[in-house]
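Throughout, read-outs are computed from the coordinates displayed, never taken from laboratory work. No experiment lies behind these values; they were computed from the predicted model shown. For neighbour counting, all protein chains shown are included, and Cβ atoms are generated from backbone atoms with ideal geometry for every residue, glycine included.
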2 protein chains.
Amino acid sequence: MAARPPLSTAIADRIAARIADGDLMAGDRLPSETDLAEQFECSRATVREALKRLAARNLIRTARGASGGAFVADLTYAAALDAHVSTSTLLLSMNAVDFQTAAEARFALERACADLAVANHQQADLSRLMAAIDTLDGPIDDAAFCAADVAFHRALVDAGRNPVLSYQLAGAVEAMQPLMNMLTYADRDRATILTLYRRIADALRDRDAVAIRAILSELEASMLMLFQTGQSRRNAR
Amino acid sequence: MAARPPLSTAIADRIAARIADGDLMAGDRLPSETDLAEQFECSRATVREALKRLAARNLIRTARGASGGAFVADLTYAAALDAHVSTSTLLLSMNAVDFQTAAEARFALERACADLAVANHQQADLSRLMAAIDTLDGPIDDAAFCAADVAFHRALVDAGRNPVLSYQLAGAVEAMQPLMNMLTYADRDRATILTLYRRIADALRDRDAVAIRAILSELEASMLMLFQTGQSRRNAR
DNA sequence: GCGACATAAATGTCAGACAATCAAATGTCA
DNA sequence: TGACATTTGATTGTCTGACATTTATGTCGC
């Protein structure tokens, strides 16, 4: 026999279903814990455990005090992105995804938004790209280089001006940062990458999607080589 | 002054940090609730609320009985995908993403994996595609049609043979199913879609990535028109 | 009118108890 | 000895009742 699942998870699922169905809308207030306990015929402690599960999933937020209580959360892109990134990061680290697979996925996704970026980008997007390039060109350590690198790629993704695409892609790109952080960049490598980035910015300005895709593929090859030489050096040590 | 955040969230965060840092590895067992309560100098109820939060995030799983307890979860692609899909679905519904934006993102992502699918697909992938097409060709209702539709797209994505890409894309595709479910398919529409799907399968077999991308763009245009005619019919009613 | 204070409602935390579950140790019998 | 039943200990799940903390709101005195 399957072990009976805990009551608290069942309650959490029932409330979550009501939220997903639109039965409870964002901003709505749930009944108080005492009322819910009565409604579900269980103790307040059990209801609380259910509510904590929902809070952890960003489905509700709670406030203390009079006119406090549990409210259906107004899920923002930022909050969802946080959750997506943390889950993805953990997934990649736990399943020991190798660098090549991650890079392959990442650049495939980025090439996907080249068309949209070319079609929809605005001046602000180009400015963000250039700002990231300027940062990368300065005297910064590897961690800062990676962070600016992520900023560059996010700017490129956001240039597509499609929030759904940005959300999905930004999650993927940021989740892979720990893997990218394993790289160390020699001065010559940085110069190579920067050249490619400048060419991407130029191609975007010229609205040349084919070129962007090609440069991204070049970039992927460079990163892969960078990783492999770094690894062989580590092994030889 | 900023209100002091609840103690239980602080404890949850501390444990989560230890997991993320690799301090606690997958499969490791956490101390018992009683021990943790002693360690964090709080009551067992507070520890429990913290653990429930972690469980909701798929970071730990708990088991009752002797040699039970809380274990660091071995996060699987399936579990992460579940979380990704449910968050994304909620995000799209709450933020009232319009059909066009969602479709644009979805097809851009799918076009991204055309190259990989062409390069890496195996016979099993083609079989799955054909099986989905056969299902779609049968006498099924709109909901089943949508489900089979998702199966087709997942098969296409999985043909890239890159688990990271599949995870990201499958999450995006499935999250958009509720939006796609708003469509109703007349017989003629189904025939149009099926024709395009068959062409995609053929192009994959012929390893023609350019063709796949083109057909996907055709498909996007068809879906968009389908949606718009449906909407104008609804408005005229 | 306005600030200080009491009130009420809600979540957050605590303590202790009991129930349910499960694995391993232990006992029993052929 | 070996297979099967039983006990036992550890652990999570749930309940109960209480108190602490936070916050909006009303009330009193001025």
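First measure r as the distance between the Cβ atoms of A:T195 and B:A131, then evaluate 1/(1 + (r/R0)^6) with R0 = 51 Å and state the FRET efficiency to the nearest 0.05. Rounded to the nearest 0.05, the efficiency is 0.65. If the chain linking A:E41 and A:R205 were pulled fully straight, counting 0.36 nm for each residue of separation and taking away their Cα-Cα distance, it would gain 52.8 nm.
Net charge of the neighbourhood of A:F40, taken over other residues with C-beta under 13 Å away and scored Lys/Arg +1, Asp/Glu -1, is -2. For helix A:123-137, report the angle its Cα long axis makes with the longest principal axis of the Cα atoms of chain A; keep it between 0 and 90° and round to the nearest 10°. Relative to chain A, helix A:123-137 is tipped by roughly 70 degrees.
Annotation for A:A26 and B:R233: the two label points, set 7 Å from Cα along the Cα-Cβ direction, are 3.1 nm apart. Against the main long axis of the alpha-carbon atoms of chain A, helix A:99-112 sits at an angle near 90°. Only Cα pairs under 8 Å and 6+ residues apart enter the sum, and on that basis the relative contact order of segment A:7-72 stands at 41 percent. The distance from the alpha carbon centre of segment A:115-174 to that of segment B:72-136 is 24 Å, rounded to a whole number. Relative to the longest principal axis of the Cα atoms of chain B, the long axis of helix B:142-158 makes an angle of roughly 80 degrees. So for chain B, taking the charge dipole from beta-carbon charges (+1 Lys/Arg, -1 Asp/Glu), which of B:A45, B:I60, B:A155 sits furthest toward the positive end? Sorting the options by dipole projection puts first B:A45. Dividing the mean sequence gap of close Cα pairs (under 8 Å, 6+ apart) by how many residues segment A:77-236 holds gives a relative contact order of 34 percent. Each copy carries B:D23; placing its label point 7 Å along the C-beta direction from Cα gives inter-copy distances of 4.1 nm, listed from smallest up.
Across peptide B:157-167, the average count of Cβ atoms from other chains found within 10 Å of a residue's Cβ is 5.
Under 12 Å from the Cβ of A:I193, count the other residues' Cβ atoms, weight Lys and Arg +1, Asp and Glu -1, and hand me the total. Counting the neighbours of A:I193, the net charge comes to -2. Over chain A, dividing the summed -39,500 (n - 2.57) contributions of all DSSP H runs of at least 4 residues by the number of residues returns a 222 nm mean residue ellipticity of -23500 deg cm²/dmol. Stretching B:S217 away from B:N120 to a fully extended chain increases their span by 32.7 nm, per 0.36 nm per residue minus the current alpha-carbon distance.
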